[in-house]
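Worksheet: one structure, shown below.
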Amino acid sequence: MTETVDRELGKARTRKEDARLISGRTRWTDNITLPGMLHMAILRSPVARAGIGKIDTDQARASSGVVAVFTGADLAAEQGSLPCAWPITEDQKSPNAPSIADTTVNFAGEAVAVVVARSAAEARDAVDLIDVDYEDLPVVLDLETAAGDEEVIYPELGTNCSANWVFDSAQAGSGGDVEDAIRDADVVVRRKFRQQRLIPAFMEPRSVLVDPTGPQTTMYSATQVPHILRLMLAMSLGVPEHKIRVIAPDVGGGFGGKLQVTPEEFLTFLIGRRLGKPVKYTETRTESLLAAHHGRDQIQRLTLAARGDGTITGLKVELLADMGACLRLVTPGVPILGAFMFNAIYKIPAYHFSCTNVFTNKVPTDAYRGAGRPEATFGIERMMDELAVEIGVDPLEIREKNWIKHEEFPYTTVSTLTYDSGNYEAATARATELFGYPELRAEQARRRENGDPVQLGIGVSTFTEMCGLAPSRVLGSLNYSAGGWEHAEVRMLPTGKVEVVTGSSPHGQGHDTAWSQIVADRLGVPFEDVEVLHGDTQISQRGMDTYGSRSLVVGGIALVKALDKVIEKARPIAAHLLEAAEDDLEFTAGSFGVRGTGAAGVTIADIALAVFAAHDLPDGAEPNLDSEASYDPENFSFPHGTHLCATEVDTETGAVRIRSYVCVDDIGKVVNPLIAEGQVHGGLAQGIAQALYEEAVHDEFGTLTTASLADYLVPSAMDLPRFTTDMTETPATSNPLGVKGVGEAGTIASTPAVVNAVLDAVRQFGVRDIEMPCTPQRVWQAIQGGSK
Amino acid sequence: MIPAPFDYAAPSTVEEAVTVLADAGEDAKVLGGGQSLMPVLRMRLAAPTTVVDLGRIPELRGIREEADALVIGAMTTHDEVCRAESVRAHAALLAEATHTVADPQIRHRGTFGGSLAHADPAGDLLAPALALDASMTIAGPAGRRTVPAAEFFVDFFTTALAENEVLVEVRVPKHTGWQAHYEKFNRVAQAWSTVAVGAALRMEGGAIAEAKVGLTNMDTVPVRARTVEAALIGRPVTAEAIREAARDAAAGANPGTDANADAAYRTQLARVLTARAVTAAART
Amino acid sequence: MRITMTVDGTSYTDDVEPRTLLVQHLRENLGKVGTVIGCDTSNCGACTVHLNGRSVKSCSVLAVQADGAEITTIEGLERDGQPHPVQQAFHENHALQCGFCTPGMIMQSIDLLGDTPDPSEEQVREGLEGNLCRCTGYQNIVKAVRAAAGELGAKR
C-alpha cells in the first residue's frame, strides 16, 4: 500500500467543499423554503427570574397573517423537558427544563410565547403585540453567592447546587494524598482564577425548519448533532424514532454551540406537527447571543505544592461551575472533562479535584470549543508560570523539570488516563527556535531596564488534551448516557466511484476532503471519485456526530475499518477473476495482483463492475462490495504542543498587542496539513479572544449586556496577529492511522499563553493576576495597583 | 431582524424634506446613510411611523470649496470625505478622523451629516468638527439658520436640530497647511472609540503656533481641550513639552463610565492620547 | 413600493414594503440566497454585496434605497463558468472553513483590491475589519487576498 500512502495521506489537498461555498451555492437551513411554509418568532423574557402572570395574546392573534400563538400553557402537556444526557452523580439535582416557560422564567432570553405567521415579518410584528405580566423574583447571578444558597432558585430542589463531583488520587490508587503533599511542600502556590463566560458565536445563526407533511417528520437544523437530535426528539417528545428524519444541511460553524438539543428545535417540531405545515424558525444574532448556550464560566481555586527545586508534589483543584438556569445536553459533564486534564503533561504524584455545579439565572452553559479542557489547561499553565516565578526559574525550565519524558510513554497519569505517546521535548525545542526565545528574553530585559513605556512579556503554554471522544466504556464509567463510537459505510458503485457515508456530521471541518483522501489512500481510487455523504438520518442512520476533536480519530478509523472490509470482500472475487489463490494476492494501489508476478491485476473498480453484473462470481459470493463499520476507540488520543506568545503591553493605556505567536503542535499523523493548519489558526483566534476580548456580561438584573456583536467582541482581522505554526509528528499508537485530533488544540493552548505573556510584562509592577479578558482598563488598573 | 413597518418618503429637495417631516410629526425619522439608524430599526429600538430618506436630494451631496471654508453636504459619504483632496488639504483632521470611522462598507454608505446629527458621543467626527470650528447649516419650516458646532451638540444623542429640521451642510473653516492627527483608542477595530483625540496644529519654525484639540467620548458631547490648546502655543515639539501640555487634557470634561472604561481611566486615556495625537500631528 | 434593480445582470421589478432590507429582498424575493445574514448590527459583514460598484452591508440598506441601483452578489462573480480570481484564491489558500462569512469576505476583498491593487498584509487586515470570521483566524484569508492581488496584477 506504500505507493498510495505516499500519494494521498499527508497531502495538502484543497477542499472539495469550497466550490459551492465560494460561489454562494449553499444550503444553509435558512435558505430552504418549502411550499406552504410558515414562520415562527419567539417572545423572549426580558427578565432573568419571574413568575409568569397573565399573558395577553389577543392582539397578536388578530394581527395580519398570524396563524397561531402558543404559550407554555398551550404546550404544557406535550413539551416535556429538554434532555440532559450526562447525570454526573447519582444524586444530581436537575430542574425541569421546558422549551417554553410555563409558570416561571429563569433566565433572560427564555421563550415565553411563540407566534406562527405567514411571513417572518408578520410573526415578529405580532410578537411585539403580546403583553406579559412578569412577577419579579430575586435573581441569582453571582456564582459564589449562588453556591451559598442565600436565595434558592428552585425551592423544590432545596439548593442551587446541582452536584458535587470528586476525584482523589489517594482514593483512586493512582497517587498520594494531596493534603500530605501540601503540608510537606517547600513551596505552595495558591491562586483563584475566573474563567469568564463566553459565547460560541458561530457565524451562522441557528435555524430550524420542520416539515410534517411526509411519512416522517423531517427536521432541517443547523446542528452539529443530527443523530443525537433525532434520538432526543424521540425520547423526549414521545414521537417514534422511525417517524423522525433529521437533516443537517450546510452548517455554518458550531464550536460546541450547536452540540445541543434546543428549545427552538423542540418548539418548531411540536408546532409544525400540530399545525401540519412546514414551520421555519431562524434566530436573530441577538437571540443567538441570548439564548444559545454559553461556555466556560468557572471559578477555579488551585493549590500547587512543590519542592524547593520546582518538582511538583501535588495539585488540588476546587471548582465552582456555573450551569446557568438548567442542565442542557452535556452541561454538567463539561467541568468533569477538565478533571482529567489539570495534571496535563506533568508527573504529579498527588491530585485532588472537586467540582460543584451551581445554578444561576443565566442561560445554560454547555460545550464550547475544548469543553472543560481549556479551563483546566488555563488553570495548570497559569500555575506553572506562578511556580516558576516563586522558584525563580524560567517558565520553560519548570515545565521541563516536571513533564513526562518522551521515553516514559506510555504513561499513566495521576488522573488515571494512559497517554500513549508524546514528545514534549521536540515540540518545545522547535517552538523556542521559531520564536527566537533567547532574543526576545534579551529584548524584554532591555525594555525593563530602560523603563520603556511599552513592556514585553513572554507567555508559555505546554498543553495536552484528551481527544477522540470517546471510549464508550469510559463514558459509561462517567455516567454519560451514550457511547462514543462512530460509524462509516462505503458504497462501491458499478462505475468504480465510491460513496462514503459518515456518522460524523461536519460544519466546516472539511470531512469531505479528508475522508476522500482516506478512501483514495486505502482503495487506490482517485480522490475525485469519492463522494462523502453525511448529516441526513435517512442516508446516515448511525452516528455520534462531530465534537471533541473526534471526527478523524474515531470516525476516520471507522472509515478505515469499513474500507478494509470492502477490500476483504473483494479479495475472493479478485482471486476468482484472476484464477489465483486468495493467499497469493496482494492489494496495491487499487489493484489485486498475484504477488511477485508483476502481471496486470484487477482493480477495485473492475471488481465493483463484476459484482454489479454478478455473472461470474465465486459460488456463494454476495453480489455487493458495500461495507460498514462501527468503531469504538480503545483510548483517547493525546495531541500536545508548545505555544509561545510575546505581548507588548502599553503601560500608559493598558493596551495589549500580540507581537509574536508561535505554536508547534503534535497531532500525530496529518491527513491534510492545509486543513490541520487551518484548524489551529481558528482555534488560536478563539483562545486569544478569551484572553483579550470576549466576555458575556450580565447587569445586576441578569440582562445580558453583550447581546449584539457590537458588544460581544469577536475579534476581526485587525485584532489578531499573524501566527507562526509548525508541527512535530509523534504518531498515536492507539489507532491504525496514528492520528490524534486537532480541532480544539489552538483554543485550549492559546489562552494561558497570552495571559501568561501579559502578566510576564507587568509582574514587575507587583501585578499577580489580571482577570480575563485582559482589557486595557484592567491591565492599566492592575499596573496602577488598583486591582491585585 | 426586520424593522417594524413604516411609511417611506424620498423627497428630492431640502424644502420638500422639511415639509414631509412637518407633516409626519414627531414619529418621523430622518434616514441619512442609514448606518446608525438601520441597526436601531432592526433591533426595534425605534419604530418610526415615517422614514424620510434624504438620499435622493442632490443638494445635500458633495464638497465645495469657498474662499475661506470647505462646505460639506450633509449626505456626503465618509468615503467621499476620505477621498477628497480638498479635505486633505484644508481640513486634514477631518480626513484623518473619517478614515477611522467604522469599516469600509459602512464608510461607503454612512454620511458626514448623519454622524453629526446622530450625535453619539463616541462618534469620531464630532470632536474634529468642534475642534475645527465648523458650523452647521440647518433647514426648517422658517428657512435656514447656522449653528456653530459648539452649540450644535447639546447632549447625548441630542443636537440643536428640531424634529422638523434637516442638516443641510457643514461649513469647515480652511485650516490649510495645518498638520493633524486623530488618535483613536478602542477595544477591537470595530468598536466605538473608548476615547479618541483629534489634534490640529499650525507649525511655525518647528514650534507650535496654534493648536486645536478635540476629545471624543469624554463627555455627553464632544469636548474641546482648551487648556491643552493654550499650553501648546509657542511650545517646541519635544516629548517633555507635549506631555506637560497634555497633562490637563480632561480638564472641564465629565467622562462617563461604561463597560470599557471608568472616568479615571478615561481621564488617563485623554492625557496619553492627547500627547500622542499632538506628537503625531507635529511629525506629519 | 415598486422598485427596480439590476442584480447580477438581471433586472427585477418588485413591490416591496418600505421596511424590507436589501438583503431580505435579495434572499426572499430574488432567490439570491448566496448572500447571508449574520447579525443585526452591521458588524459581521456576511451580507456584503456591491451596490453601484461599492461594497455595502446589505442588511443596512433598505431595498427601496437601492431602487435603480446595480447590485452584484457572490452569485454574480463567475465569468464563463470560471470563478473570480478572489474566489479561486480563497479556495487555493484554504481561506474558508464553514463558509458562512465567505460571500461577504469575498465581496469585500474584491472591493478592497479595487482600491488597493497590491495591498500589504496590514492593508488587507484593515480592509476586512468589517467582516467577521469565526473559523479561520483570518490568516489564510489575508493570504488569499494577497495571492489574488498577484493574480489580478498579472492579468492587467
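Could you work out what % of the accessible surface of region A:319-364 is carbon and sulfur, using a 1.4 angstrom probe and leaving DNA, RNA and ligands out of the count?
Heavy-atom surface of region A:319-364 belonging to carbon and sulfur, 1.4 Å probe: 66 percent.
At 7 Å along Cα-to-Cβ for each site, give me the label-to-label distance between B:Ala67 and A:Thr418 in nm.
My value for the distance between the label points is 9.4 nm.
Go ahead and run the numbers for FRET between B:Thr284 and C:Glu78, Cβ-Cβ distance against an R0 of 45 Å, rounding to 0.05.
0.55
Roughly what angle does helix B:14-24 make with the longest principal axis of chain B, taking Cα atoms, 0 to 90 degrees, to the nearest 10?
Long axis of B:14-24 versus the principal axis of chain B: about 60 degrees.
Over chain A, what relative contact order in percent results from Cα pairs under 8 Å that are six or more residues apart?
16 percent
At 7 Å along Cα-to-Cβ for each site, give me the label-to-label distance between A:Thr33 and A:Arg191 in nm.
In this crude spin-label approximation the distance works out to 5.5 nm.
B:Ala142 versus A:Val166, label points 7 Å from Cα toward the beta carbon: distance in nm?
Those two pseudo-labels are separated by 8.0 nm.
Using the Karplus curve 6.51 cos²θ - 1.76 cosθ + 1.60 with θ = phi - 60°, what ³J(HN,Hα) values do you get for each residue of region A:760-768, in whole Hz, with x for Gly and Pro?
Taking θ as phi minus 60°, the curve returns 4, 6, 10, 4, 4, 8, x, 7, 9 Hz for region A:760-768.
Multiplying the sequence separation of A:Glu700 and A:Thr103 by 0.36 nm and subtracting their Cα-Cα distance, what value in nm do you get?
The A:Glu700-A:Thr103 span can extend by a further 212.6 nm.
Within region A:511-551, what residues put their amide N at less than 11 Å from the label point 7 Å along the Cα-to-Cβ vector of A:Leu493?
Inside the label zone: A:529-532.
Mind scanning A:Lys93/A:Lys362; A:Lys565/A:Lys740; A:Lys497/C:Lys32 and naming the pairs with a C-alpha gap bigger than 29 Å?
A:Lys497/C:Lys32
In region A:620-660, which residues give up 50 Å² or more of accessible area once the other protein chains are added, compared with their chain alone (1.4 Å probe)?
Residues losing area: A:Glu652, A:Thr653.
Could you sort A:Thr284, A:Thr495 by accessible area so the largest value comes first, with the probe set to 1.4 Å?
A:Thr495, A:Thr284
Beyond 45 Å, what percent of the Cα pairs of the protein assembly as shown remain?
39 percent
With charges only on Cβ, +1 for K and R and -1 for D and E, what is the dipole size of the protein assembly as shown about its Cα centre, in debye, rounded to 20?
With Lys and Arg at +1 and Asp and Glu at -1, about 1360 debye.
Could you state how much accessible area is buried at the A-B interface, both sides summed, with a 1.4 Å probe, in Å² to the nearest 100?
Separately minus together, A and B give about 1900 Å² buried.
Please list B:Arg243, A:Arg373, A:Arg20 from largest to smallest accessible area, probe radius 1.4 Å, with all protein chains kept in place.
Output order, biggest surface exposure first: B:Arg243, A:Arg20, A:Arg373.
Could you compute how much accessible surface C:Cys135 exposes when probed at 1.4 Å, giving the result in Å² to the nearest 10?
C:Cys135 has an accessible surface of roughly 10 Å² with all protein chains in place.
Which residue, A:Pro776, A:Met37, A:Phe638, has the largest displacement toward the positive end of the dipole of chain A when charges sit on each Cβ (Lys, Arg +1; Asp, Glu -1)?
A:Met37
Could you state how much accessible area A:Arg542 has, in square angstrom rounded to the nearest 10, with a 1.4 Å probe and all protein chains kept in place?
For A:Arg542, the solvent-accessible surface is approximately 100 Å².
Taking only protein heavy atoms and a 1.4 Å probe, what accessible area per residue, in Å², does the protein assembly as shown have with all protein chains in place?
Per-residue accessible area for the protein assembly as shown comes out at 33 Å².
Quick one: if the Förster radius is 51 Å, what FRET efficiency do A:Gln541 and B:Ala259 give, using the C-beta to C-beta distance and rounding to 0.05?
FRET efficiency, A:Gln541 to B:Ala259: 0.60.
Step through the residues of region C:26-33 one at a time and calculate ³J(HN,Hα) from phi using the Karplus curve (6.51 cos²θ - 1.76 cosθ + 1.60, θ = phi - 60°), rounding each to whole Hz and writing x for Gly and Pro.
4, 6, 8, 9, 9, x, 8, 7
Note the buried accessible area between C and A here, summed over both chains, with a 1.4 Å probe, in Å² to the nearest 100.
When C and A are taken together, about 4000 Å² of accessible area is lost.
If r is the Cβ-Cβ distance from A:Glu397 to A:Met235 and R0 is 45 Å, what FRET efficiency results, to the nearest 0.05?
0.30
Taking the Cα centre of each part, how many Å lie between region A:579-616 and region C:98-156?
49 Å
Do the sum for chain A: with -39,500 (n - 2.57) for every DSSP H run of n ≥ 4, divided by all residues, what is the mean residue ellipticity at 222 nm, to the nearest 500 deg cm²/dmol?
The helix contribution divided over chain A gives -9000 deg cm²/dmol.
Over the heavy atoms of A:Arg446, what accessible area does a 1.4 Å probe trace out, to the nearest 10 Å²?
130 Å²
Projected onto the charge dipole of the protein assembly as shown (+1 at Lys/Arg Cβ, -1 at Asp/Glu Cβ, origin at the Cα centre), which of A:Thr412, A:Leu9, B:Ile106 gives the Cα projection farthest towards the positive end?
Of the candidates, B:Ile106 comes out farthest on the positive side.
If you rank A:His406, C:His91, A:His294 by how much accessible surface each has, with a 1.4 Å probe, what is the order from largest down?
These residues rank, largest area first, as A:His406, C:His91, A:His294.
Output ³J(HN,Hα) for region A:551-560: one whole-Hz value per residue in order, computed from phi by the Karplus curve 6.51 cos²θ - 1.76 cosθ + 1.60 with θ = phi - 60°, and x for Gly and Pro.
Going residue by residue, I get 4, 6, 5, 10, x, x, 6, 4, 5, 4 Hz, with x marking Gly and Pro.
Would you work out if region B:7-56 is rounded, prolate or oblate? Take a ≥ b ≥ c from the square roots of the eigenvalues of the alpha-carbon gyration tensor; rounded if a/c is under 1.5, else prolate when a/b is larger than b/c, oblate otherwise.
Judged from the Cα gyration tensor, region B:7-56 comes out oblate (a/c at least 1.5, b/c at or above a/b).
The values are calculated or read from the model by the stated rules, or taken from the named source; none is laboratory data. None of the values given here were measured: they were computed from a predicted structure. When we count neighbours, we look across all protein chains shown, and the Cβ atoms used for this are built from the backbone with ideal geometry, even at glycine. For the accessible areas, the whole protein counts, side chains as well, though only heavy atoms, and no ligand, DNA or RNA atoms are used. Shrake-Rupley method; radii C 1.70, N 1.55, O 1.52, S 1.80 Å.
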